[in-house]
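Below is one structure, written out as structure tokens; the observations come after it.
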Amino acid sequence: MKEGNIIEPLVEVKGLTIEFPVRSGLLRAVNEADFVIPKGKITALVGESGSGKSTMASAIMRAITVPGLVSGGSITFDGRDVMSLGKKELQAYKWEQVSMVFQAAQNALNPVVRIKEQIMETFLAHARSKPYTEKQMTERARNLLDYVRLDPDRVLNSFPHELSGGMKQRVMIAFSLLLDPKLVILDEPTTALDVITQAYIFDILKKIHKEMNITMLLLTHDIGVVAKTADRVGVMYAGNVVEAGDVFDMFKRPKHPYTAKLMKAVPSLYEDVSERKGIPGSPPDLLDMPPGCPFHPRCDYAHDKCRKHNPIKVYTPAGHEVACHLYPNPESVAEVRTS
Amino acid sequence: MNARNLDYEAELRQRTRGAARTTSSEVLMRLDHVSMYFERGQSMFGSAQKVGAVVDVNLDIHPGEIIALVGESGCGKTTLGNIITGLQKPTSGKLLYKGEEVPKLSRDKANQFRGEVQMVQQDSYAALNPMRTIYQSLSAPILQRKIVRGRKAAKARVIELLQTVGLTPPERFLDKYPHQLSGGQRQRILMARAISLNPKIIVADEPVSMIDVSLRISILNLMAELNRKLDIAIIYITHDLATARYIAGRGRMAVMYLGRVMELGGVNDVLSQPKHPYLQALLSAVPTPDPEIARAMTELPLRSLEMPNAAKPPSGCRFHPRCPMASARCTSEEPQLRLVGSELTACHYAEEAHELWQRKMADISAIKHV
Ligand SMILES: Nc1ncnc2c1ncn2[C@@H]1O[C@H](COP(=O)(O)OP(=O)(O)OP(=O)(O)O)[C@@H](O)[C@H]1O
Ligand SMILES: Nc1ncnc2c1ncn2[C@@H]1O[C@H](COP(=O)(O)OP(=O)(O)OP(=O)(O)O)[C@@H](O)[C@H]1O
Ligand code: SF4
Ligand code: SF4
Ligand SMILES: [Mg+2]
Ligand SMILES: [Mg+2]
């Protein structure tokens with residue numbers, strides 16, 4: 001490992017469990033998950049559809065709504081306990097400490113209100129802790145739009161339908177930066193966009209990250225985007241973070257059998273196509289989870305222990321973590337057991 | 001058109017005909033100078049705007065071949081797919097199916113054309129009737145076209161189709177409504193409906209865009225298998241070059257920009273020896289799942305990231321405002337497709353662009369091997 005990898009956490013998630021009551025029972029979307037978001041870094045969270053990425057991120061933003069319930073665990077943000085924030089503290093926490101660009105953000109804008117008015121509303125809601133004058137507000141909005149390479153004059157006076165998908169996406173990114181948050185969560189910011197627009201948006205994000213020293217959490221299906229953008233990667237499977245580590249390590253030497261499969265499931269432009277395979281089987285039914293390790297029905301390395309006991313996560317001093325019986329202790333993580 | 005251009009035209013025909021894995025020179029479908037202009041309402045100044053969604057496209061489709069159609073959002077891919085399947089009639093140019101002009105087909109042959117050329121739509125929500133069960137949606141067309149007779153045979157065929165597209169156990173899906181299925185499952189229903197009519201051509205428009213990676217490969221494999229086993233020609237429309245390469249490995253690729261085909265050739269040639277500066281930019285933008293390569297490719301070779309207005313395409317080469325290699329000639333003279341190496345490319349400076357690309361790739365592979 002390279003030096004300087006000691007992680008200073010901005011967010012610490014411990015044993016987090018989130019449940020939704022559904023008709024046929026209680027669905028555990030997040031299941032005793034542990035996760036750390038290091039300060040000043042770009043962390044990516046990957047995993048199949050339904051693995052719990054958006055749910056866990058919403059909990060960090062304190063945006064889980066009824067009937068969803070955080071039924072266990074804790075979230076610490078910069079040393080503060082997020083779950084116990086009172087109403088007033090919460091209002092200042094959201095958008096000023098952490099902001100989120102939600103999945104399908106293009107649809108999050110109010111269709112009948114001009115962009116300018118929507119921005120002003122957000123400022124006014126936070127006037128107590130960030131008392132800007134109207135002139136300052138406009139100034140800041142213009143700067144941010146300029147930052148994401150939009151023409152402020154045109155965009156501020158537009159209704160959402162007058163902007164293309166890529167433009168709306170950038171407006172939402174500007175929005176998320178309005179109140180100088182420490183953490184920005186981006187949920188699938190570019191899925192519907194072509195590669196050139198995508199590259200463009202990630203360029204902007206990296207620049208913002210560097211210049212404003214903002215911590216970022218990126219939720220995505222797209223392994224290619226992770227390879228290009230992230231410093232650290234967490235992998236979610238069935239509501240749990242089963243592996244996390246430095247981006248280069250995760251791609252070169254994935255430890256968890258699921259991570260290894262996930263990395264191989266992407267068609268690449270530069271590698272031998274025949275090496276790319278889908279992940280056999282389907283994600284587990286969250287209402288009827290297999291006993292033991294939830295990945296065992298799809299795992300090539302599954303053994304007796306896997307069918308009985310859920311593995312406990314081990315942590316290496318270098319900042320790698322993995323939950324799999326192939327790695328019973330931190331020392332064993334040095335060996336790669338997947339292929 | 002001058003004599004030189006006519007030569008290129010002949011060359012183009014030669015190339016696009018004798019392509020890929022088919023040994024037969026038989027042409028299933030021919031697009032002959034096909035264009036599609038949309039009138040866009042009255043503008044502020046009173047005159048209607050014309051958007052060239054597809055401009056002067058020539059393409060031969062052979063039995064059993066795979067053609068990937070790629071390009072930025074809004075470049076005309078779906079419109080071209082609609083033209084191939086007869087859903088939209090081009091504003092100029094000819095569409096020939098088995099040698100005959102489509103609008104002039106006899107009733108029987110037109111009916112045959114509609115059955116043999118199928119489309120898997122980009123929007124799988126919109127493409128399925130929300131009031132019908134999967135069984136109803138799949139059995140109606142095969143009963144109507146008398147591919148099977150009787151309810152019993154229809155049910156057996158529907159079950160077989162569901163199995164073919166990997167929806168198992170099939171009985172579980174028969175009585176479901178579209179909203180009860182995930183995006184990936186709906187996309188496979190559309191695939192099942194397309195193959196149920198024994199097609200010769202399937203136009204698949206972004207069939208995996210909504211599906212996460214683990215399922216994506218299995219759907220692409222399914223299409224490749226249909227192509228191999230049933231000899232169905234596949235037109236795979238996408239903005240994702242990596243999946244295009246995956247499915248069309250031995251087929252051809254057409255790269256579109258603002259309605260025009262800018263590069264056409266065998267998939268591996270197009271991707272490994274790109275000539276057109278636009279294609280090179282597109283390739284540079286593909287996020288590759290390797291952190292070292294991904295980070296080595298920093299700046300995109302583009303002067304501007306904004307897509308120009310299709311109603312007012314730039315003069316000369318329509319890529320020139322964004323092209324890092326553009327010269328004065330590019331602003332006035334529109335490049336025609338010509339043979340460069342083993343592909344057709346529409347760029348005045350394709351040779352120079354190709355050389356630059358090769359140098360860049362050498363630098364990147366040097367990174368890989370330190
Ligand atoms: N409001 C809700 N009510 C019931 N179930 C829910 C609700 N929100 C999420 N879920 C369930 O929780 C699980 C996790 O969902 P989540 O949206 O977090 O997944 P994800 O990893 O973000 O997936 P994707 O990649 O598709 O966005 C899913 O099974 C989902 O159906
Ligand atoms: N019915 C229509 N009326 C007017 N303009 C249209 C119509 N259909 C398409 N266009 C225009 O034609 C151009 C090509 O659109 P098309 O849908 O073919 O693009 P595409 O390459 O499929 O894009 P995407 O990747 O976003 O699906 C666009 O500028 C679009 O706005
Ligand atoms: S614990 Fe066992 S089943 Fe689970 S991932 Fe590890 S080897 Fe596979
Ligand atoms: S013709 Fe000129 S502007 Fe067009 S792609 Fe070639 S170099 Fe660029
Ligand atoms: Mg999500
Ligand atoms: Mg389209």
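The values are calculated or read from the model by the stated rules, or taken from the named source; none is laboratory data. The structure displayed is predicted, hence computed values, not measured ones. Cβ sites come from the backbone with ideal geometry, for glycine too, and all protein chains shown count toward neighbours. SASA here: full protein model, heavy atoms, side chains in, ligands and nucleic acids out. Shrake-Rupley method; radii C 1.70, N 1.55, O 1.52, S 1.80 Å.
Inspection of the range A:116-135 identifies at least one residue that is part of a loop (DSSP other than H, G, I, E, B), without any contact (Cβ under 8 Å) to a residue 24 or more places away in the chain and of a type in the set (F, W, Y). Taking the criterion of being more than 16 Å from ligand 4 (Cβ to nearest atom), among the polar types (S, T, N, Q) and within 14 Å of another protein chain (Cβ to nearest Cβ), would at least one residue in the range A:90-101 satisfy it? Taking every residue of the range A:90-101 in turn, none turns out to be more than 16 Å from ligand 4 (Cβ to nearest atom), among the polar types (S, T, N, Q) and within 14 Å of another protein chain (Cβ to nearest Cβ).
On the basis of being loosely packed, with under 14 Cβ neighbours inside 10 Å and touching a residue at least 60 places away in the same chain (Cβ under 8 Å), does B:Y125 make the cut? Answer is yes for this residue.
Selection of the range B:350-370 for residues being in contact with a Lys or Arg (Cβ under 9 Å, 6 or more places away or on another chain) and surrounded by 15 or more Cβ atoms within 10 Å (Cβ to Cβ) yields B:A350, B:A353, B:H354, B:W357. Of everything in the range B:230-245, what is open to solvent by 10 Å² or more (accessible area, probe 1.4 Å) and modelled with pLDDT of 85 or more? Give them in sequence order. Residues satisfying the conditions are B:L230, B:D231, B:R245.
If we scan the range B:352-364, do we find a residue that is within 10 Å of ligand 4 (Cβ to nearest atom) and either polar (S, T, N, Q) or at pLDDT 80 or above (or both)? Yes: the range B:352-364 contains one or more residues that are within 10 Å of ligand 4 (Cβ to nearest atom) and either polar (S, T, N, Q) or at pLDDT 80 or above (or both).
Condition first: of a type outside the set (S, T, Y), more than 25 Å from A:F251 (Cα to Cα) and within 11 Å of ligand 1 (Cβ to nearest atom). Can you find one or more residues in the range A:36-57 that meet it? So far as the range A:36-57 goes, no, none of its residues is of a type outside the set (S, T, Y), more than 25 Å from A:F251 (Cα to Cα) and within 11 Å of ligand 1 (Cβ to nearest atom). For B:S272, indicate whether it is at pLDDT below 95, over 24 Å from B:I201 (Cα atoms), more than 16 Å from ligand 4 (Cβ to nearest atom) and within 11 Å of another protein chain (Cβ to nearest Cβ). Against the criterion (at pLDDT below 95, over 24 Å from B:I201 (Cα atoms), more than 16 Å from ligand 4 (Cβ to nearest atom) and within 11 Å of another protein chain (Cβ to nearest Cβ)), B:S272 qualifies. Scoring B:V203 on the criteria (1) modelled with pLDDT under 90; (2) on the phi < 0 side of the Ramachandran plot; (3) under 16 Å from the mean Cα position of the chain (by Cα) leaves a single failure, condition (1).
Among all positions in the range B:112-119, there is at least one residue which is open to solvent by less than 20 Å² (accessible area, probe 1.4 Å) and of a type in the set (F, W, Y). Scanning the range A:207-230 for residues that are more than 10 Å from chain B (Cβ to nearest Cβ) and open to solvent by 10 Å² or more (accessible area, probe 1.4 Å) yields A:K207, A:H209, A:K210, A:E211, A:M212, A:N213. Candidates A:G245, A:G239: the one that is more than 14 Å from chain B (Cβ to nearest Cβ), of a type in the set (G, A, S) and either buried (at least 24 other Cβ atoms within 10 Å of the Cβ) or within 16 Å of ligand 2 (Cβ to nearest atom) (or both) is A:G239. Residues in the range B:288-310: is at least one away from every other protein chain (no Cβ under 14 Å) and at pLDDT below 95? For the range B:288-310, residues away from every other protein chain (no Cβ under 14 Å) and at pLDDT below 95: absent. Pairing each residue of the range A:44-58 that is assigned to a helix (DSSP H, G or I) with any residue that is polar (S, T, N, Q) and more than 16 Å from ligand 6 (Cβ to nearest atom), provided the two are 6+ apart or on different chains, yields C-beta distances under 8 Å for A:S54/A:Q103.
For the range A:248-266, what are the residues that are crowded, with 24+ Cβ neighbours inside 10 Å and free of Cβ contacts under 8 Å to residues at least 12 places away in the same chain? The answer is none; no residue qualifies.
Looking across the range A:59-91, the residues that are within 16 Å of the chain's Cα centre (by Cα), within 16 Å of ligand 5 (Cβ to nearest atom) and open to solvent by 20 Å² or more (accessible area, probe 1.4 Å) come down to A:A63, A:I64. Filtering B:E334, B:E292, B:E299 for residues that are closer than 30 Å to B:E39 by Cβ and open to solvent by 30 Å² or more (accessible area, probe 1.4 Å) leaves a single hit, B:E334.
Candidates A:P160, A:P181: the one that is modelled with pLDDT under 85, more than 10 Å from chain B (Cβ to nearest Cβ) and either surrounded by fewer than 23 Cβ atoms within 10 Å (Cβ to Cβ) or more than 26 Å from A:A265 (Cβ to Cβ) (or both) is A:P160. Which ones in the range B:149-173 are at pLDDT below 90 and of a type in the set (A, V, I, L, M)? B:V165, B:L167 - these are the residues of the range B:149-173 that are at pLDDT below 90 and of a type in the set (A, V, I, L, M). Just one of (1) among the basic types (K, R); (2) out of contact with any helix residue (DSSP H, G or I) (no Cβ under 7 Å at 6 or more places or on another chain); (3) away from chain A (no Cβ under 14 Å) fails for B:R172. It is (3).
Could we say that B:H354 is within 20 Å of B:L283 (Cβ to Cβ), of a type outside the set (F, W, Y) and not in a loop (DSSP other than H, G, I, E, B) here? In short, yes. Checked against the criterion of being in contact with an Asp or Glu (Cβ under 9 Å, 6 or more places away or on another chain), among the hydroxyl-bearing types (S, T, Y) and farther than 16 Å from A:M236 by Cβ, the range A:60-71 has at least one qualifying residue. The set of residues in the range A:26-43 that are open to solvent by less than 10 Å² (accessible area, probe 1.4 Å) and of a type in the set (V, I, T) comprises A:V30, A:I37, A:I42, A:T43.
Just checking, does the range B:65-85 include any residue being more than 16 Å from ligand 2 (Cβ to nearest atom) and either open to solvent by less than 10 Å² (accessible area, probe 1.4 Å) or part of a strand (DSSP E or B) (or both)? Yes: the range B:65-85 contains one or more residues that are more than 16 Å from ligand 2 (Cβ to nearest atom) and either open to solvent by less than 10 Å² (accessible area, probe 1.4 Å) or part of a strand (DSSP E or B) (or both).
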